[in-house]
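To start, the structure itself, in structure tokens.
The values are calculated or read from the model by the stated rules, or taken from the named source; none is laboratory data. Model, not experiment: these values are computed from the prediction. Virtual Cβ from ideal backbone geometry, glycine too; neighbours counted across all protein chains shown.
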Amino acid sequence: MNNSITNKSFLFLTAIFVIACVLCDYKSFAQARRSNSDESKVPPYTLPDPLKMPDGKEVTTKEEWNTIQRPYIYHLYEENQFGRYPLKHPPLRYRVLETASNALQGSATRKQVRIYLHPTDTTIYTDLLMYLPNKIKRPVPIFLGYNFGGNQIIYSDTAILITKNWVLTAEKGSVNNKATDSSRDSSASQWQVEEIISHGFAVATAYYGDLEPDHSEGWKTGIRTTLKDVLNIQPMEWSAMGAWAYGLSRIMDYLQKDTDINGAKVALMGHSRLGKAALWAGASDPRFALIISNESGEGGAALSKRWYGETVKIITDVFPHWFVTKYKTYGDSTSALPIDAHMLLSLIAPRPLYVASAEGDTWSDPKGEFLSAKEAGRVYSLFGERGIDIDSMPPLNHAVGDYVHYHIRGGQHDVTSYDWQQYLQFAEEKWRVL
Ligand code: GTR
């Protein structure tokens, strides 16, 4: 009798436990598919500690970070999110297509340079557009960033070559996924070319679609296929983000060679998906001396384990090609992810890092970007550099931090003149250029 009661209670409690587990899992499963924009509904989450070594010991010196922990975290990123970053690459080959010293009403020199990515095939290349300030003694520091629709979109200069590659349907002036004349200048407000030049910096851009077209079949015609033998890497061993980041390194090879450019002062800026690629390039290639993430959001600067804005599930469903397939397996349970955005940002330490959000861009989770930037500061302190000292989000339009900087401005998902003013000031301060 007593035994049967015990058995019944045991069965009952087990059933309750199983139902609770199913409901719990269902809850996180359902959550992953939806996006949340209500701060009061963010459930508790635990971040992996970037300073805890695989053997459980705490990292206390920059030597331990550089030799043990950084390679370990970097490898976790290769394995779980972006794929292998090819270390092999063909020797630099390029052709200066044209230069003009009277651009921007005489204040800048325009250069367009074709950088070949394959050792022999001259159809595989990316075109770099550069403006260099005429009044500044060379070599000059430079801002580099990818654009979304071809170099012609960044400025109203009809000499800029229009890309012949596939472009997104959403890009202005895109007809049957080809850029047309009406796409010229369509992204000028996001580039502020004249402002950058007037501050004494050069600016360079390339079209990310030169490396891989941004759609799920893009890998078939992009460098993940065309360079697979040259780089000794199979297309699925890396990702579109990996290919875009790799392209930035090849552009960097060129910038190191160009005697007009100060190769030690190359700032890498990326907006949105191109911000994710910029962070991965910055983590992978130490030659990028300053990194800017403009609203890079999920898969970039925003914490994935925080249920707010875009989720791993949503991003990997909509953009399966951006990351390795393993990243998708965390879609239903981000708690299993061994990494999070603060660790990606930590890989940039001790180089100056700027993370920026916009109030109206809830999809990118501004608070998740702030928290990861703040958390990355712990690694900067190993190098004696200060990150962000405050604990809660700063007011709008108020930059905070030192080696890790952060701001949230009013407005929507975009790059604005306010953003550029902060980036210019940050580079001027950190590089003491003016
Ligand atoms: C969105 C995507 C974001 C962000 C953005 C962009 O559709 O969900 O992660 O990258 O695109 O690149 O504009």
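Among residues of the range 288-338 being more than 10 Å from the ligand (Cβ to nearest atom), at pLDDT 95 or above and among the charged types (D, E, K, R), the one that is farthest from Pro352 (Cα to Cα) is Asp317. If you go through the range 351-371 and keep only what is among the acidic types (Asp, Glu) and more than 14 Å from the ligand (Cβ to nearest atom), you end up with just Glu359. Report yes if some residue within the range 91-106 is surrounded by fewer than 23 Cβ atoms within 10 Å (Cβ to Cβ), assigned to a loop (DSSP other than H, G, I, E, B) and under 28 Å from the mean Cα position of the chain (by Cα); otherwise report no. Yes - at least one qualifying residue is present in the range 91-106. Note on the range 43-53: residues that are in contact with a strand residue (DSSP E or B) (Cβ under 7 Å, 6 or more places away or on another chain) and part of a loop (DSSP other than H, G, I, E, B) amount to 1.
Does the range 111-128 contain at least one residue that is in contact with a helix residue (DSSP H, G or I) (Cβ under 8 Å, 6 or more places away or on another chain) and within 16 Å of the ligand (Cβ to nearest atom)?
no
When you check Ala399 against the structure, is it in contact with a helix residue (DSSP H, G or I) (Cβ under 9 Å, 6 or more places away or on another chain) and within 16 Å of the ligand (Cβ to nearest atom), yes or no? For Ala399, the condition - in contact with a helix residue (DSSP H, G or I) (Cβ under 9 Å, 6 or more places away or on another chain) and within 16 Å of the ligand (Cβ to nearest atom) - is not met. Need a quick list: helices (runs of 4 or more DSSP H) entirely within the range 191-253 having at least 1 residues that are in contact (Cβ under 8 Å) with a residue 24 or more places away in the chain and within 18 Å of Gln152 (Cα to Cα). Qualifying helices (runs of 4 or more DSSP H): 193-198. Scanning the range 126-139 for residues that are crowded, with 20+ Cβ neighbours inside 10 Å and either β-branched (Val, Ile, Thr) or within 22 Å of the chain's Cα centre (by Cα) (or both) yields a count of 5. The sole residue among Tyr418, Tyr380 that is without any contact (Cβ under 8 Å) to a residue 60 or more places away in the chain, out of contact with any Leu (no Cβ under 7 Å at 6 or more places or on another chain) and either buried (at least 23 other Cβ atoms within 10 Å of the Cβ) or among the basic types (Lys, Arg) (or both) is Tyr380.
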